1. Checking residue A:349 against (1) within 14 Å of another protein chain (Cβ to nearest Cβ); (2) touching a strand residue (DSSP E or B) at 6+ places or on another chain (Cβ under 8 Å): exactly one of these is not met. Which one?
2. How many of the residues in the stretch A:262-308 are of a type in the set (Gly, Ala, Ser) and surrounded by 24 or more Cβ atoms within 10 Å (Cβ to Cβ)?
3. Is it the case that some residue within the stretch A:367-380 is of a type in the set (Ser, Thr, Tyr) and either in the same structural domain as residue A:111 (by TED's automatic domain parsing) or out of contact with any helix residue (DSSP H, G or I) (no Cβ under 7 Å at 6 or more places or on another chain) (or both)?
4. For the stretch B:101-115, what are the residues that are of a type outside the set (D, E, K, R) and part of a helix (DSSP H, G or I)?
5. Give the residue, chosen from A:371, A:386, that is touching a Leu at 6+ places or on another chain (Cβ under 6 Å), at pLDDT 90 or above, within 14 Å of another protein chain (Cβ to nearest Cβ) and more than 30 Å from residue A:106 (Cα to Cα).
6. Considering (1) under 18 Å from the mean Cα position of the chain (by Cα); (2) within 14 Å of chain B (Cβ to nearest Cβ); (3) within 30 Å of residue A:101 (Cα to Cα), say which one residue A:288 fails and leave the rest.
7. Across the stretch B:35-71, what is the number of residues that are in contact (Cβ under 8 Å) with a residue 12 or more places away in the chain, part of a helix (DSSP H, G or I) and small (Gly, Ala, Ser)?
8. Test residue A:127 against the stated conditions and say whether it is out of contact with any Gly (no Cβ under 9 Å at 6 or more places or on another chain) and closer than 30 Å to residue A:106 by Cα.
Amino acid sequence: MQLKTLLLAGVLSGVAFAAQAQTTLTFINCGGKDDPTAPVQAKHIAEWEKANPTFRVAEEYLPWGQCQERATTLAGARNAPALAYMGSRTVRMLGAADMIVPVSLSDEEKASYEQSVLATVSFDGKEWGLPRAFSTKALYWNKDLFAKAGLPTDKGPQTFEEVLAAAKAIKEKTGAAGFGIPAASFDNTMHEFLNWLYSNGGSVVDAEGKVTFDSKENVEALEFYGELAKYAQPGPVAYDRAKLEPLFAEGAIAMYTNGGWGRARAGNVNYGLEMIPAGPSGKKSTLLITDSIVVFKGTGVEEAALDLAKYLTTPERQFEIDVAGGWTPIRNVAGVKDIVAKDPSWTVFIDAIPTGGPEPLMVDYIAMQDAMNEAIQSVVTGDVAAKDAVKKAAEALADLNN
Amino acid sequence: MTRRRDLFPYLLLLPALALTLAIVAWPLAETFRLSFTDASMKPVTTYVGFANYAKIFRSGFEEIIGRTLLWASLSVSLKILLGLLVAVLLNAAVPGRALFRILVMPPWIVPIAIGVFMWSWMYNGQFGMISGLLQRFGLISEPFEFMAYGTSSFIATVVTDVWIGVPLVSLYFLAAMQGISKELYEAAWVDGASRLYRFRRVTLPLLLPSIATMALLSAIWTFNSFDIIWILTEGGPRGATTTMIIDTYKTAISRFRYGEGAARAVLILLFLSAFTSVYVYLLLRLTRKGGTHD
C-alpha cells in the first residue's frame, strides 16, 4: 500500500512538473470570447498546442477600446505579452519604438496576400505583423424606407449627390434619419470618413509620407459630410459605428456604411448593398483596413510566438476565421469564389479591394486620429467650415511629421 | 544603553518610512524626473529641460485649467448645497427617518462604473429616459443626444458627479449635526427663535468647520475625478469635458508621451498644493473666528 502511494505521488509530481515546465504565451485579443471568431481561433490554438506540448497559450480578451492600449502599456513597462491583436496603424509606432519583431515572409507567402493588404503592415522594407482581419466597407441602404420616400429601389445611390438627395427625401418624408454618421471621438469616425475621402480622390499622405490633407478633394468630401449631417441621426458626435448598427436594424436610419459583418446585424431590414458612392472628383473606393497579429520583442518566446502567429494565419485557417467573422478574405484561396457564389452579397466587399486605399501610417497615430476627428466633428456640428477644418487638420498632421 | 533606547522609537518608524518612500516619495520623484525628459515608447530617453512645460502652455492648457476649475467648483458647490439640504432633511424628526437614511445611500454604494453606465443610458437620445420624457412632454421634437454637444456633455458629467458625491457629503454633515448639543437648540427655542433662525444661528456656525473640511476634501477628489468623465465622454466632444486629469491621461497613457504626461501631472500637483495651502490657511482663520463666535 505504501509503495502504491509512493508511486502515485511520484506520477502526480511528474505530471505537475511537466505542467510547470510548459512555457506560457500570453496572447491579447480584442473583442470578447463570444465573438464568432473566438471558438475558431481557440480550436486552432489547441491544435498548435498539441503540436508544441512545451507551450501553453493564455488568451486574454479585452474590449475594443482597451486592448491596444493595454498591450502597448504592458510592452512599455517591459512586461509585454508574447503576441497581440492590434490595429495595423499601430505597427509603425511599435516598430519605431523597437517593441515588436519583424515577420519574415517568403515570396510565396507574400503572393498569397492582396498587395494592398500587405502594405498596411509594411514599412522600412519589412513586414511588422501578420494581417488578421481585413475589412472593406459598403453602403447599406434600407429599401423599404427608400420606397416609402418615393425613391427608386432597384439600385442604391451611386454618387455623393444621390446620397444627399436620398437622405434629404427620407428625412422629410419618412420620419427616419436619412443617414447614420459616426462622429464620436473614436477611431472609426476617422475610418468612416476615409471611405468618402478616398471615393472623392482625396488622400492624407503621399507615398513618401508627406501630408497631402489640404486639398480640394478633401474639402469637397468634408463639405459633403457637413451637408449630410443635416439629414443624419440627431447628434452624430455621440455615435460610433457600433451604435449605428441597432439604429439601422430598427429602421431609424436609412443608410450607413459598414463592413461585411454588418449583414449579420441588420435584423429584419430589407436592405441593399452598394460600393461607397463616388464623389464629384473621384471614383468609388473604400478604406482598406487591417488588424494584425504582432509579436513583441524581449519576451524570450519570440520564436514560438512567431510560429503560432504564422500557424494561425495560414491561408486555410485565416479563411476559416474570415468566414466566421464576416471579414473580407485576406488571402487568395479557392474558397473565396465559393463564398461569393453561395452568398453574392460578398461581391461589393471583395470587388472594392482593388479600388481601395490603405489607412495612413504615422508614428503618432492617436494624434493623427485626433486631428482628423476634430476636423470631422467641427464640420458635422456646423461649428467650422470644411475649408478651415481641413486646413487646420493639415497643419496639425504636418506638425506630427516634423 | 540610553543611546540605544533613544534610537528605538525611530527604528519602529522605519517600516512605515520605507513604505512611504516606496509608494509616495519615489513615484513622485520619478514623475518630476520624467517631466524633464522626452520619455515615450522609444527605447532611448533624452533630457529636454523645460521643453515639456513650455509645450503644455503652447497647446492651450490654460483653457483646460479654466474648464477644470469651472467643473470642480460647480460640482463641489452643488454637492455641498444638496448634501446640506439632504442632511437637514434626514436630521428632522420624521417617521421612517432610518429608512430615508438608507435610501440616500445607493448612489454611493453602487460601483461607480455601473452608476455611470446607468447615467450614460439615461443621456442616450434614442433609448434614454431623459430625452424620452422631454419628448413625451412636448419639450423637444426629436431625440436629444446629451453627449453630442459641448455644453450638455459638460452639464451631464457634473450632474453625474454630484449624484455620486451627495450621499457621502450628506452623511458627513448629518454626523456633524448630531454632534451639536440639543441644549443649544432648546435654549434658542425658549428664546423664541424660529426654525430658520435656529438653523442660521446655531446649526450653520457650528457646522462651518465640517463644511470647510468636506469642501476641501471634495474639491481635491473632484479635481482629480477621472472615471466619471472618462466613462461618459472620454473628454469629448471636441474637448468640452477634458479636464486636467483627463488631458494628462490622454497624453501619457493613450498617446504614450510619458514625459509630457509627467509634466502635466507635476502641474496638477503644484496646483493642488497651492490650492490646499490657501484653503487650509483660510480654514484655520475661519475656525479661529468660529471659536470666538458669540
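1. That leaves (1) as the condition not met.
2. Of the stretch A:262-308, the ones of a type in the set (Gly, Ala, Ser) are A:262, A:264, A:266-267, A:272, A:278-279, A:281-282, A:285, A:292, A:298, A:300, A:304-305.
This time we only want the ones that are surrounded by 24 or more Cβ atoms within 10 Å (Cβ to Cβ), so: A:279, A:285, A:292, A:305.
Final tally of qualifying residues: 4.
3. Taking the stretch A:367-380 as the starting set, the residues that turn out to be of a type in the set (Ser, Thr, Tyr) are A:378.
Filter once more, so that each one left must be either in the same structural domain as residue A:111 (by TED's automatic domain parsing) or out of contact with any helix residue (DSSP H, G or I) (no Cβ under 7 Å at 6 or more places or on another chain) (or both): none.
No, every residue in the stretch A:367-380 fails to be of a type in the set (Ser, Thr, Tyr) and either in the same structural domain as residue A:111 (by TED's automatic domain parsing) or out of contact with any helix residue (DSSP H, G or I) (no Cβ under 7 Å at 6 or more places or on another chain) (or both).
4. Going residue by residue through the stretch B:101-115, those that are of a type outside the set (D, E, K, R) are B:102-115.
Passing the criteria: B:102, B:103, B:106, B:107, B:108, B:109, B:112, B:113, B:114, B:115.
5. Details: A:386 fails: within 14 Å of another protein chain (Cβ to nearest Cβ).
Checking each option against the conditions leaves just A:371.
6. If we test residue A:288 against (1) under 18 Å from the mean Cα position of the chain (by Cα); (2) within 14 Å of chain B (Cβ to nearest Cβ); (3) within 30 Å of residue A:101 (Cα to Cα), just (2) comes out false.
7. 2
8. Values: out of contact with any Gly (no Cβ under 9 Å at 6 or more places or on another chain): yes; closer than 30 Å to residue A:106 by Cα: yes.
Spelling it out, residue A:127 is indeed out of contact with any Gly (no Cβ under 9 Å at 6 or more places or on another chain) and closer than 30 Å to residue A:106 by Cα.
The values are calculated or read from the model by the stated rules, or taken from the named source; none is laboratory data. The structure displayed is predicted, hence computed values, not measured ones. In this analysis, Cβ positions are derived from the backbone assuming ideal geometry, glycine residues included, and neighbour counts consider all displayed protein chains.
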